[in-house]
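The values are calculated or read from the model by the stated rules, or taken from the named source; none is laboratory data. Every value quoted in this text rests on a predicted model; they were computed, and no experiment measured them. As a convention, Cβ positions derive from the backbone with ideal geometry for all residues, glycine included, and neighbour counts pool all protein chains shown. Accessible surface is based on the protein model in full, side chains and every heavy atom, while ligands, DNA and RNA are left aside. Shrake-Rupley method; radii C 1.70, N 1.55, O 1.52, S 1.80 Å.
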Amino acid sequence: MTRSPFTLFTLAIMLLLAGCSSRPKLPDFTGSGYLADRGAVRIWRKESAPHSSHLMTVYTPFSDSATETTEYQWQENKLISIERHTAGEHPESVTMRFDQDGSLSFMQRQLEGRREALSPDAVALYQFDAGRMLKISDDLLEGRVLLKQGHWSTDGTVTLCQGGEIRPGFDRYSTNYIVQHQQESGKPVSLSWLEAPKGTQLLLVSKDDVCTAEPKAADF
């Protein structure tokens, strides 16, 4: 997949400003995302009082099937847990929990057939990554960059995971890529894409059903 047009569009979206304060408030449960160097990142987020956030990121690489799912939780604006699960040929799980003062209270790394501890530098890197992802999520939502997902039909419509149909405003390059991918896979495909005030960006085309991994607000 040629990614340079998408990358340029991503940069443009990331620079969007919130605009007027008269914009309606976003719901407490939202989806957003962006294109990384080697894959797509989808982000779901739920806000609850007081000052608590639950963030789930799903990184899907373009070159293999080693999907990486990470969940972060904050209470009163303090990071309290990180859980990361990497699927694929070499599965791995990492769990960390923190006290309200930021001290590590539980840590476990599960590899194939064994468990091991994480080094202090590795823990610090996970904490830094949590803060980075929260800031990225803030910026995307500030710019009204919102994630949509569903099943593609050959007439150009998409049946959304939450129900209903929509015709995304994909450009010709994106539409041709979707059609080509569907023809090569020989089966229906599902899509993830971003909608923002400045336009629409294709994020992911998959032969797997992206809706099965989409969290529901009530259960998140």
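Could you count how many residues in the stretch 101-124 are touching a residue at least 12 places away in the same chain (Cβ under 8 Å) and surrounded by 10 or more Cβ atoms within 10 Å (Cβ to Cβ)?
Final tally of qualifying residues: 9.
Does the stretch 162-174 contain at least one residue that is open to solvent by less than 60 Å² (accessible area, probe 1.4 Å), touching a residue at least 60 places away in the same chain (Cβ under 8 Å), within 21 Å of the chain's Cα centre (by Cα) and over 17 Å from Lys46 (Cα atoms)?
No, the stretch 162-174 contains no residue that is open to solvent by less than 60 Å² (accessible area, probe 1.4 Å), touching a residue at least 60 places away in the same chain (Cβ under 8 Å), within 21 Å of the chain's Cα centre (by Cα) and over 17 Å from Lys46 (Cα atoms).
Test of understanding: among Lys198, Lys207, Lys187, which residue is in contact (Cβ under 8 Å) with a residue 60 or more places away in the chain and either over 14 Å from the mean Cα position of the chain (by Cα) or under 22 Å from Ser63 (Cβ atoms) (or both)?
Matching residue, one of Lys198, Lys207, Lys187: Lys198.
Based on what the data block shows, is Glu76 on the phi > 0 side of the Ramachandran plot, among the charged types (D, E, K, R) and over 15 Å from the mean Cα position of the chain (by Cα)?
yes
Scan the stretch 131-142 for residues that are within 29 Å of Ser103 (Cβ to Cβ) and buried (at least 20 other Cβ atoms within 10 Å of the Cβ) and report the count.
The number of residues fulfilling the criteria is 1.
Among the residues of the stretch 143-158, which ones are open to solvent by 40 Å² or more (accessible area, probe 1.4 Å), out of contact with any Ser or Thr (no Cβ under 7 Å at 6 or more places or on another chain) and at pLDDT 95 or above?
Scanning the stretch 143-158 gives Arg144, Lys148.
Under 15 Å from Leu147 (Cα atoms) and touching a residue at least 12 places away in the same chain (Cβ under 8 Å), is that true of Leu79?
Considered against the rule, which asks whether it is under 15 Å from Leu147 (Cα atoms) and touching a residue at least 12 places away in the same chain (Cβ under 8 Å), Leu79 comes out as no.
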